[in-house]
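One structure is given here, and the rest of the page talks about it.
Every number in this text was worked out from the coordinates using simple rules, so none of it is lab data. In this text the structure is predicted, and so the values were computed from the model without any measurement. Here the Cβ positions follow ideal geometry from the backbone for every residue, glycine too, while neighbour counts run over all protein chains shown.
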Amino acid sequence: MRYLKTAKSAVISSTIVIALAVLLLGIYLTISINSVKLLKLIRDKVEIDAYLHDSIQPGDISKLTASIKTIGGVKNVTYISKEEAAKIFAEEFGQDILEVFDYNPLPPSLKINLYDEYKTIDRIEKIKLELQKNPEIADIVYAQKNLEIIERNSQSLVFLNLSLLIIITFSSIFLIGNTIRLMIVAKKDTIEIMKLIGATKETIRTPFIMEGFFQGLAGSLLAVIILQIFLGYFYSTYTNNDFNFSIIDTKFLILLVIFGTLLGTLGSAISIRRFLKIA
Amino acid sequence: MINFNNISYAYPSKELFTDVSFQIDKGEFVFLIGESGTGKTSLLRMINMELFPQSGELVVYGFNSRYIKKPEIPVLRRKIGFVFQDYKLLNDRDVFENVALPLYLAGMKPDIIKKKVYNVLNEVGVFDSYKKMPNELSGGEQQRVSIARAMVNEPYILIADEPTGNLDPFVSFEIIKLLLNINYKGTAVFIATHNYDIVRRLKSKRLLQIKDKKVLDVVIKE
C-alpha cells in the first residue's frame, strides 16, 4: 500500500469528522434513551387513590377490594387505613397529623395499581366510572395532569426522536461522505496517473477503502471514549434516588464503533468508485 | 506490434480520423507530427486504450480494441511506457518512489525494485537526484524521471506525447538523444511532437503525419 501516500492533515480531519458524527449520535441516543426512561418512570408512578367513607366496615373493605380486582386493568389493590395514612403523612411532611388538627381527618383509602397499558387517561376514566358505582367510595383521585403531560409529550417526543435520528444519521453520512470525497479529490491526479501507468481498479481502490476503515475505526473509538467521559459526568451529576441516569452499555458502544467504521469504509468505497468509472 | 486498421474517430464537435491505417513494428523509432488539434494526443491515447475507435480495429500486442476486456487494460498499459508533456510525476513523493511506482503496481519485491530503479535512473542520468522531490528538479530532469518511470518496467514500446513541449531547445535535444539511446537498445519509440527542428535533424527516422484526417508516412525532402 506504499504507493498511495496519505496526506496526514486530510486523514486527521476526516477522522475528527467521523468522531464528531459518532459522538453526536451517541449523545443523541443517550438523551433519547433517558428521556423515554424518564417518561416511563412518571407513567409507572401513576395509580388511583380511592378514598373511602370513614364509616366503612372491615367486612365491606374486603368485599370492595375483591370487586375492584375484577375490573379490567387493575393489577392490585392495597388498603390504607386511617392510621396508615397518618403514618404516611408523617413520613412525607415530617409532622404528626394529630398535632395539626387534633383529630385524624385522613380517610381510609384503596391504592389501586394498574397494568402499564391501562395507564392512559381514557382507560383510567373508564375504570373510574366502574369505581364510582361503589357507594363506599367517597372520592377518586389520580395524577391526571401528569398523565396529560406524558400523553401530550410522548407523541411529540417520538416524533422529535425520529426526526433527530434521521437528521443526525443523514447529516453524518453526508458529512463523512463529503470529507472523504474531498480527500479523494485531492488525490485525483495520483489516481489518474496510476490508472495511466497500469494500476488495476482493485490496486487503487483497496488502499482507499482500508484508509476509510481505519479512519472510521479510529474516529468512532475516539468518539466512544469522549462519550464515556461525558456520560460519567452526567451519571454522577443527575442520578438520584428517583431517577437512575442510564449510560449506553458496552454492547451499544460496540455498535457505535461498528457504525462509525462502516461509515468510514462505505464512504471511501462509494467515493473512490466515482473516480474509477472510466477505465 | 501496433496495428491501426481503418480506424475512424470523432469527438462530438469534431471528426479527427477517417479510415486511418498504419503499423508500428518492433524496435522502430517513429515521429508523429501534425498541427495542433489534429489528434496526435488522441491517437496516442488510443494505443493506451484510453480512447476506443468508433470504427475499424486497433491491435496493440495482440489486444484488440474491439474485444479487450476492462481488466485487461491495465495489463496492456503495463507493457507500454508512456511519457507525458507535463511529466505527470507525483509531487508528494521523491524521484525514487515515482520511478518505482509501476514496479510496486506489478507486485515486485523491494530488493528487485531497488535494483531496477537505480539502474534506470543511472541510464537516464538522474541517479544523483533519487531522493529529491519533483519540484526540486528542472523541467529536463523531471522529463528524465518521467522517462525512467516509463522505462523501468522494460516495455515493448515507449510512447511520448510532446516530450520536449515544455523544454528549451538544448534540453529538448538531450531528451531526444536519451530516447534514441533507449531505441538503440531495442525498445520501439513513438513520439508525437510539433518540434520540427528535431524531426529535421533526425530525418532518417520514420515520420508519420496527421493531415486531412489521415495518417501518412512522409519523407522529408533535402
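Which value does Rg/Rh take for segment B:3-65 over its C-alpha atoms, Rh per Kirkwood?
Numbers: Rg = 11.5 Å, Rh = 12.2 Å.
Dividing the radius of gyration by the Kirkwood radius yields 0.94.
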**Prompt:** If you project the alpha carbons of segment A:75-175 onto the principal axes, what extent comes out on each, in Å, largest first?
**Reply:** 71, 35, 20
**Message:** Quick check: residue separation of residue A:16 and residue A:258 times 0.36 nm, minus the Cα distance between them. What number comes out in nm?
**Reply:** 85.5 nm
**Fill in**
The answer for the net charge of residues other than residue A:75 whose Cβ lies under 13 angstrom from its Cβ, with Lys and Arg +1 and Asp and Glu -1, is 0
**Total charge dipole magnitude, segment B:125-177, about the Cα centre, Cβ charges on Lys, Arg, Asp, Glu only, Debye to nearest 20** = 160 debye
**Message:** Give me the net charge for the shell around residue B:8: Cβ to Cβ below 10 angstrom, other residues only, Lys and Arg +1, Asp and Glu -1.
**Reply:** -1
**Request:** For an R0 of 45 angstrom, estimate the FRET efficiency from the Cβ-Cβ distance between residue A:57 and residue A:154 and round to the nearest 0.05.
**Result:** 0.60
**Prompt:** With a sphere of radius 13 Å drawn around the Cβ of residue A:269, what net charge do the other residues whose Cβ falls strictly inside it have (Lys, Arg +1; Asp, Glu -1)?
**Reply:** +3
**Request:** Using the Kyte-Doolittle scale, find the helices of chain A whose mean hydropathy is at least 1.0 and whose Cα atoms extend 24 Å or more along the helix's long axis, counting only whole DSSP H runs.
**Result:** A:8-44, A:144-185, A:250-275
**Request:** Would you mind giving the three semi-axes, in whole Å and largest first, of the ellipsoid equivalent to segment B:14-106 according to its Cα gyration tensor?
**Result:** 26, 18, 13
**Fill in**
Under Stokes-Einstein, segment A:1-153 at 37 °C and 0.692 mPa s, with its Kirkwood radius over C-alpha pairs, diffuses with a coefficient in µm²/s of 168 µm²/s
**Message:** Suppose the Debye formula is applied to equal point scatterers at every Cα of chain B; what is log10 I(q)/I(0) at q = 0.09, 0.15 Å⁻¹?
**Reply:** -0.36, -1.00
**Complete:** Once both label points are put 7 Å beyond Cα along the C-beta direction, the residue A:273-residue A:113 separation in nm becomes 5.5 nm
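What is the dipole size for chain B, taken about its Cα centre, with +1 at each Lys and Arg Cβ and -1 at each Asp and Glu Cβ, in debye to the nearest 20?
For this selection, approximately 480 debye.
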**Prompt:** Of A:195/B:109; B:116/B:203; B:40/B:177, which sit over 26 Å apart, Cα to Cα?
**Reply:** B:116/B:203
**Asked** Among the lysines, which have Cα under 22 Å from the Cα of residue A:188 when same-chain residues fewer than 8 positions away are ignored?
**Response** A:5, A:8, A:201, A:277, B:70, B:88
**Request:** Sticking to Cα atoms, compute the Rg of segment B:128-221 to one decimal and its Dmax as the biggest Cα-Cα distance, whole number, in Å.
**Result:** 14.4, 47
**Message:** Counting pairwise Cα distances across segment A:118-210, what percent come out greater than 14 angstrom?
**Reply:** 79 percent
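In segment A:1-104, which chymotrypsin sites (Phe, Trp or Tyr not before Pro) fall in coil by DSSP and have 16 or fewer other Cβ atoms within 10 Å?
Those satisfying the criteria are A:103.
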**Request:** Please report the orientation-averaged projected area of chain A, defined via the convex hull of its C-alpha atoms, in nm².
**Result:** 20.6 nm²
**Links that overshoot a 30 Å alpha carbon limit, given the list A:187/B:114; A:37/A:111; A:40/A:111; A:187/B:213** = A:187/B:213
**Prompt:** Which value, to two decimals, describes the C-alpha radius of gyration of the protein assembly as shown once divided by 2.2 N^0.38 Å?
**Reply:** 1.75
**Item:** Cα→Cβ-extended label distance, 7 Å offset, between residue A:129 and residue A:88, nm
**Value:** 2.7 nm
